[in-house]
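Readers should treat all values here as calculations from the given coordinates under stated rules, not as data from a laboratory. The model shown is predicted, which means the values in this text are computed figures rather than measured ones.
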Amino acid sequence: MVTGLVLVRLGAGKEKQALTRIKEIKGVSHVSAVFGRWDLVLDMETEDLRSLSEAVVSKIRAIPGVESTESLITTSI
């Protein structure tokens with residue numbers, strides 16, 4: 001199991017439509033709206049790194065209104 005955080009920047013006026021589509025993506029376990037440089041923080045859980053990468057690149061970034069993403073793979077210390 002791979003877990004990570006995906007930071008998402010959205011375009012103005014497209015937040016609600018993008019949020020609805022993001023919540024439907026397999027692997028997105030929680031979505032938090034935040035203030036600052038990013039608009040959303042997604043908690044992701046996938047079977048492996050390849051699945052996480054595919055979800056971000058092929059699904060999340062393809063949603064109209066998603067301007068950019070930054071992915072953070074979690075680790076234990």
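Computed 3J(HN,Hα) for the stretch 67-73, one whole-Hz value per residue from the Karplus formula 6.51 cos²θ - 1.76 cosθ + 1.60 where θ = phi - 60°, is 8, 7, 9, 9, 9, 10, 7, glycine and proline marked x.
For the stretch 1-56, the relative contact order comes to 47 percent (Cα pairs under 8 Å, sequence separation of at least 6). Given their separation in residues at 0.36 nm each and the Cα-Cα distance between them, L5 and I77 gain 24.3 nm when the chain is fully extended.
Only Cα sites of the chain enter the Debye sum here, all with the same form factor; the resulting log10 I(q)/I(0) across q = 0.13, 0.14, 0.15, 0.25 1/Å is -0.33, -0.39, -0.45, -1.21, listed in q order. Once the Cα-Cα distance is subtracted from the 0.36 nm per residue extended length, the V41 to A62 segment shows a gain of 5.9 nm.
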